[in-house]
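Input: a single structure, listed below in structure tokens.
The values are calculated or read from the model by the stated rules, or taken from the named source; none is laboratory data. Model, not experiment: these values are computed from the prediction. Reconstructed Cβ throughout: ideal geometry from the backbone, glycine too, with neighbour counts over all protein chains shown. In case anyone asks, the SASA skips ligands and DNA or RNA and just uses the protein heavy atoms, side chains included. Shrake-Rupley method; radii C 1.70, N 1.55, O 1.52, S 1.80 Å.
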Amino acid sequence: MPDLKLIALDAEDLNVVSAHLQDAVLRVGEIAYLPAEKRFIAIANRFDWGEVAKATSNRASSEAFERRRSGIRFERVLSAKLQGIDLKDRRASLALLAITFEPTGGSETPEGDVTLTFSGAAAIRLHVECVEVELKDLGAAWATKHSPEHPEDAG
């Protein structure tokens with residue numbers, strides 16, 4: 001599969017980026033807020049849900065799970081706030097559940113809050129001038145035997 005490269009410029013686009021990053025694993029030491037550049041960046045090991053869907057539709061083995069190293073970049077970031085994340089524990093892992101956008105500036109401005117929600121009640125809220133996000137794969141995929149599980153979805 002070719003490397004994924006997505007650009008999000010509104011909430012609908014951001015939903016697509018969020019779907020591709022669901023269950024991505026990030027290390028605290030691989031996230032950074034650069035206030036002078038109005039940028040937030042992170043490196044993630046994203047689970048390739050597209051490959052799972054393709055394998056299922058082709059009735060291939062569901063054991064062909066893959067992860068990919070991906071970069072995500074948020075531009076026009078005015079502030080960043082953390083919840084339940086210790087920046088000193090650079091080796092700590094965060095499991096990304098979703099990325100959402102909530103407008104805060106009314107109908108006259110695209111300003112709002114982008115929230116990265118992680119398991120364990122952790123979150124990062126970015127206050128942005130507007131949605132401007134890039135997701136880009138950074139290298140080859142590697143096989144993994146385990147698919148992320150969502151116990152609340154079972155049954």
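Subtracting the Cα-Cα distance of residue 11 and residue 75 from their residue separation scaled by 0.36 nm leaves 21.6 nm. Number of Lys pairs in the chain with C-alpha atoms less than 21 angstrom apart, excluding same-chain neighbours closer than eight positions? Value for the chain: 6.
Rg/Rh for the chain (Cα atoms only, Rh after Kirkwood) is 0.98. Pairs of Cα atoms nearer than 8 Å and 6+ residues apart set the relative contact order; for the chain it is 31 percent. On the basis of the beta-carbon distance and an R0 of 25 Å, residue 64 and residue 32 show a calculated FRET efficiency of 0.15. Surface exposure of the chain, expressed per residue as accessible area with a 1.4 Å probe, stands at 58 Å².
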